[in-house]
Amino acid sequence: MSYQIPKFRHPDLPVNDLGYTKADYEGSISSLCAGCGHDSISGAIVMACHELSIEPHKIAKLSGIGCSSKSPTYFLGNSHGFNSVHGRMPSVVTGAAMANRDLMYLGVSGDGDTASIGMGQFAHVARRNLNMVYIVMNNGCYGLTKGQDSATADEGSASKKGDANVYSAIDLCGTALQMGATFVARSFSGDKGQLVPLIKAAITHRGFALIDVISPCVTFNNNPGSTKSYEFVREHAEATGTVDFVPMRREITTDYKPGFSHEVTMHDGSSIHLYKVDEELDPFNRRSAMMTLEDHRETGSILTGLIYMDRDSRDLHDVLETSQRPLNELREGDLCPGNKMLENINASLR
Amino acid sequence: MKPIESLNDFVIKFANVNGTGSASANNLFAKALFRMGLPVCPKNIFPSNIQGLPTWYEVRVSEKGYLGRRGGTDIVLSVNPQSMAQDIQDVEPGGYFIYDNTKPLDLRLLRNDVNIIGIPLTLICNEQYKDPRQRQLFKNVIYVGALAALLDMDFKVLTDLVEDQFKGKEKLVLPNIHALELGHQYARTNLECPIGIRVQTSDKVGDKILLDGNTALGLGAIYGGATVAAWYPITPSTSVVDAYEKYARRVRIDPGTGRRNYAIVQAEDELSAIGMVIGASWNGARAFTATSGPGVSLMSEFLGLAYFAEIPTVLFNVQRAGPSTGMPTRTQQSDVLSAAYASHGDTKQVLLFPSTPKECFDFGALSFDLAERLQTPIILMTDLDLGMNDNMSEPLAWDDDREFDRGKVMTAEQLEEGVEFGRYLDVDGDAICYRTYPGTHHNKGAFFTRGTSRDEYAIYTEKGEEYEKNMLRLMRKWETIKEYVPGPEIVDCGKKADTAVLYYGTSEESSREALDYLAEEGVHLDAMRVRSFPFNQEVEDFIDQHKQVFVIEQNRDAQLRTLLMAEFELGPDKLKSVLCFDGTPISARNIRKQIKQHLSGNNVTPLHRNIVAGDTK
């Protein structure tokens, strides 16, 4: 049974530059638990893609296995989707991106899918700097198998079952930085104001963009004692600053105090404005990003916002020098060298 | 002792130390015979090591054109003291043992039924060369020169070959020719030349080429239009992607922009490699990976997804002896079952079995057409013997009018016209459905790819009826597949035989030779070479027409026989096994011996236990 969202919409729903309403970016009705953080992230993805005026069918959404990886059904219904194998989404995206460089690739994963079974692929897709947005819906537990701790659960954090986790937590942002990711951010499913511009910036960034989104599991990990509950995250989140995404064609209208902000021009000419709150962090310096992450880990606070961005990122297509024309558009004439060449090869083998 | 006398028909084995440059000298020897118009079959028997362990290079020379291993060794050329005791034992009675007699031969090794020929290779080198590396390298070239005299080879063919080989590095030509002459001169002056085994220029090569199967596969991928290669290095498949890259650099760089019309990604492991192939194929590019048995095991989960989600996937499996920590440099055909039923759930995978470099090229290119037409993984099953050895082959050819078969892909125009699209909807009755590439149409044709749990329109459902309906359609598709995959090659012995042999891949040449031996002894058998799985109707008919069929294969568990029994529901008596699984290519003598044992009823002990005791070389 599939649940389709009713097509009826308010006639005055705002349209974007392409004439699409937000409804054109939605998917089926979610079958996740009521209040699941993942649904808020789906909503943020819809909003970001709509506001950026990306043609929905020019997006490919891919996922692994788990609650998070079910969610691509619940947004971007006009995009091709691919629910692949547990922990292996990055490889499928890599292949897809090699085949057609003109689409936008959105990978959706969870903490089990990324930090455990998919750790290898996550590390390597980051170091290859594949041009994709990689969103982790991070709830610190395995929801679909009823609440086991995942590898991102903090040491000492207790899920609904009550036992405190005894293992060290994997910080995906730290790992991504270490692996050479060129865009690293963390956010909270409950903070759309921060998440939507981050997604937009990640989409516009050319290269691997990780957004680790803390997304509480209302059913198994939203209890007192959990460090991934709504309450805990709200109380302990510290933002690096705020981000405002400015599309290329739009006037810059936001006022900001000079000396406290950065303007970053993206590959397509659009820009993002960073309003710094954290005095220590220089988000264009990897060392600074790593130190700030470590400082926050020590104090038990959760650093959110844009943590690192490499403004001179070269993605995998740049490195491999692949043709500007998507490889999947090449035909016999482009690919097949013909019999004459084989005759020469034969002659060299006699 | 009667020395072996033969013309243009013998087996020579070089016993070397790996990492000493022997491979190129041995290759020079084989290629020279090939250029003299003699069919040759060189086989490298090498360790999983870079330097210092024993390695052998066996060359079969056969004017009759037998290109498989015969079994037995007529001449051993020994320059490796480590393996000398065994090497001298391997010489056929009346054969020749040529060795470096700078150090005298251990008298305990001496055989009086073998001709012992000493050449002071180290001494000659020490006198000629000061540099230790040169001493090592030229020693190999010197023995090739000596062999030329001993076998009465055309010396000019050798020197011409050296000139060809070092084109562009001319300053290496003269020193190599000089080394050849040193050996040649020594033999002519000090030894009786020629020996009983000799060669003479012939015309049995025609327009054939000498090529390894992996290079042919790499070329097949180029001609088949592959644009994405994703792989993880593993012997013996590595040279497939090496070859693809070599030719891609030559023919796939856009002259205007300098950009590449291909992408090669060396993955972090085989799981990732196959994931990339599936992602690229899903997105409308032709993609492939190359691996060996351990890689197929790792890829199995993804192969299941590709089977169920019906994503074209091309995998070249260059088989070797198992397991991962097994004998990676030894050949076998031992992944048949793991590939045929790769993955969990009810899965059946399409297999292709090439047996020559030409067929590696043809099937390699064909794999992409089949994968896209049939929307399923195509696993091409070659092996180390075919993949890494130079094999004499028909020349490669391509029809310039040939177009790729891209299969059933619905276009934006069709969607716009309102043609009904259901990703898993069988509209043509052949159980193959239309797919769309991502990005085709702004609001039609998008679908969510999943293994199962969806209906014909790719809408999520966990209904049992939908699952079952889909599985039955996949079975119908399996029937369609039989019409597309290459059929068997049948050789009728012309004598109304009720017994036959069945073989595939690299067992072909030795089987052919064994059948000739048996025919000389009055035993006439029909033969069929299976070239694909699923088995076509012709395969079934052939088996039906014979009372007993020997299935010749290079694994312990008679894997193709098991597959045939399972698919055709045959009892165990109908198919008998002829097996070799010591990691060397199966030999004609071994096949003959096993078939004769069966025919004489001398097979009371379970077949799996008494086979290949001894005579496998």
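What are the pairs with Cβ atoms under 6 angstrom where one residue, in segment A:321-350, is under 17 Å from B:ALA285 (Cβ atoms) and among the hydroxyl-bearing types (Ser, Thr, Tyr) and the other, located anywhere, is in a loop (DSSP other than H, G, I, E, B) and at pLDDT below 95? Sequence gap at least six, or different chains. As it stands, the answer is A:SER323/B:ASP254, since those pairs meet every condition given.
Hand me the list of helices (runs of 4 or more DSSP H) wholly inside segment B:264-376 holding 2 or more residues that are of a type in the set (Asp, Glu) and more than 10 Å from every other protein chain (Cβ to nearest Cβ).
The qualifying helices (runs of 4 or more DSSP H) are B:357-374.
Is it the case that some residue within segment B:442-454 is of a type in the set (Phe, Trp, Tyr), within 19 Å of B:TRP282 (Cα to Cα), within 14 Å of chain A (Cβ to nearest Cβ) and in contact with a Leu (Cβ under 8 Å, 6 or more places away or on another chain)? Looking through segment B:442-454, none of the residues is of a type in the set (Phe, Trp, Tyr), within 19 Å of B:TRP282 (Cα to Cα), within 14 Å of chain A (Cβ to nearest Cβ) and in contact with a Leu (Cβ under 8 Å, 6 or more places away or on another chain). Quick one: would you say B:LEU415 is among the aliphatic types (A, V, I, L, M) and either part of a strand (DSSP E or B) or over 35 Å from the mean Cα position of the chain (by Cα) (or both)? Criteria met by B:LEU415. The residue of segment B:196-210 that is nearest to the chain's Cα centre (by Cα), among those that are away from every other protein chain (no Cβ under 14 Å) and surrounded by 22 or more Cβ atoms within 10 Å (Cβ to Cβ), is B:VAL199.
Pairing residues of segment A:92-109 that are more than 9 Å from chain B (Cβ to nearest Cβ) and over 13 Å from A:SER79 (Cα atoms) with residues that are of a type in the set (Lys, Arg) and buried (at least 24 other Cβ atoms within 10 Å of the Cβ), at Cβ distances under 7 Å and at least 6 apart in sequence or on separate chains, gives A:VAL108/A:LYS61.
Only one of the numbered conditions (1) within 13 Å of chain A (Cβ to nearest Cβ); (2) loosely packed, with under 14 Cβ neighbours inside 10 Å is violated by B:GLU413, and that is (1). Annotation for segment B:237-247: at least one member residue is at the interface with chain A (Cβ under 9 Å from one of its Cβ atoms), modelled with pLDDT of 95 or more and under 19 Å from A:LEU327 (Cβ atoms). A:SER40: part of a loop (DSSP other than H, G, I, E, B) and more than 8 Å from chain B (Cβ to nearest Cβ), yes or no? Judged against the criteria, A:SER40 is not a match. Of all the residues in segment A:321-338, those that are buried (at least 16 other Cβ atoms within 10 Å of the Cβ) and either assigned to a helix (DSSP H, G or I) or within 7 Å of chain B (Cβ to nearest Cβ) (or both) number 8. In segment B:443-452, the count of residues that are assigned to a helix (DSSP H, G or I) and either within 24 Å of A:TYR25 (Cβ to Cβ) or more than 27 Å from the chain's Cα centre (by Cα) (or both) is zero.
With the structure loaded, tell me whether B:GLY418 is more than 24 Å from A:HIS57 (Cβ to Cβ), surrounded by fewer than 15 Cβ atoms within 10 Å (Cβ to Cβ) and of a type in the set (Gly, Ala, Ser) or whether it fails that test. Here the answer is no, as B:GLY418 does not meet what is asked. Of the helices (runs of 4 or more DSSP H) entirely within segment B:142-235, those holding at least 2 residues that are of a type in the set (A, V, I, L, M, F, W, C) and outside the structural domain of B:ALA371 (by TED's automatic domain parsing) occupy B:155-165, B:173-190.
This table checks each residue for (1) surrounded by 21 or more Cβ atoms within 10 Å (Cβ to Cβ); (2) part of a loop (DSSP other than H, G, I, E, B); (3) away from chain B (no Cβ under 14 Å); (4) at pLDDT below 95.
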site	(1), (2), (3), (4)
A:PHE245	yes, no, yes, yes
A:ARG249	no, yes, yes, yes
A:ILE252	no, yes, yes, yes
A:GLU263	no, no, yes, yes
A:GLY269	no, yes, yes, yes
A:LEU281	yes, yes, yes, yes
A:MET290	no, no, yes, no
A:GLY305	yes, no, yes, yes
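When segment A:110-127 is filtered for residues that are facing chain B (nearest Cβ under 7 Å), more than 27 Å from B:SER453 (Cα to Cα) and under 16 Å from the mean Cα position of the chain (by Cα), only A:HIS124 remains. Going by the structure shown, is B:GLU456 loosely packed, with under 15 Cβ neighbours inside 10 Å and of a type in the set (Asp, Glu)? In short, no.
Elements of the type helices (runs of 4 or more DSSP H) sitting completely within segment B:493-595 and holding at least 2 residues that are under 28 Å from B:PRO47 (Cα atoms) and of a type in the set (S, T, N, Q): these cover B:508-520.
For segment A:57-83, the set of residues classified as at the interface with chain B (Cβ under 9 Å from one of its Cβ atoms), surrounded by fewer than 24 Cβ atoms within 10 Å (Cβ to Cβ) and not basic (Lys, Arg) consists of A:HIS57, A:GLY77, A:ASN78, listed by residue number. Restricting segment B:162-189 to residues that are surrounded by 14 or more Cβ atoms within 10 Å (Cβ to Cβ) and of a type in the set (S, T, N, Q), the residue that is farthest from B:ALA148 (Cα to Cα) is B:GLN165. Taking first residues from segment B:212-240 that are at positive phi and partners that are part of a loop (DSSP other than H, G, I, E, B), the Cβ contacts under 6 Å between residues at least 6 apart in sequence or on separate chains come to B:GLY225/B:ARG286; B:GLY225/B:PHE404.
The values are calculated or read from the model by the stated rules, or taken from the named source; none is laboratory data. Worth saying up front: this structure is predicted, and the values here are computed from it rather than measured. Cβ: placed from backbone, ideal geometry, glycine included. Neighbour counts: every protein chain shown.
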